[in-house]
Amino acid sequence: MPARPAPATPPDPAAPLKVPAAANLVVVVGALSRPPVPRTLPSGDVVLELDVTTRLQGRPADTVPVTWAGPPTAAFGWEPGTEVLAVGRVRRRFFRAGGATVARTDVAAEVVVLARRKGAAAALGVAIASLGS
């Protein structure tokens, strides 16, 4: 089994944040509205499809499709209602389905953590810091 890379060190909160001139960063916090759906790509890689529902007071709920490549095994067992924090980028993909070209917009997650986990803030900080690299 390959060794897991060491977790990245979160940035110093007192340091000024360097934001690139152009950025595509999305943070979604909400509850899973259905169980995760694993998909095996032709390359053999596994992606996990998540539907994350956000509810802001006084507004209708939004369900955001999130795709996560190379998720840990534990994520396959998450249940509907599980609160998660996903950090990634918005992407629009085009593909052929039933003889027609179809477009799908989703969040390509770099990291997804349980929202109650103490590491959620650190994961967010690392993702923001990676924008500059």
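The table that follows gives values for the structure above.
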quantity	calculated
Subset of the range 29-74 that is part of a strand (DSSP E or B) and among the small types (Gly, Ala, Ser) - its residue that is nearest to VAL111 (Cα to Cα)	ALA69
One residue from LEU17, LEU25, LEU32, LEU41 being at pLDDT 95 or above and not aromatic (Phe, Trp, Tyr)	LEU32
Check on ARG93, of a type in the set (Lys, Arg), modelled with pLDDT under 90 and part of a strand (DSSP E or B)	yes
Close pairs (8 angstrom Cβ cut-off, 6 or more residues apart or separate chains): small (Gly, Ala, Ser) in the range 55-66, at pLDDT below 95 anywhere	ALA61/THR54; ALA61/ARG55
Answer from THR101, THR53 - the residue that is under 14 Å from ALA115 (Cβ atoms) and modelled with pLDDT of 90 or more	THR53
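The values are calculated or read from the model by the stated rules, or taken from the named source; none is laboratory data. Bear in mind that the values here come from a model prediction, so they are computed numbers and not experimental data. Cβ coordinates were reconstructed from backbone atoms using ideal geometry, including for glycine residues, and neighbour counts include every protein chain displayed.
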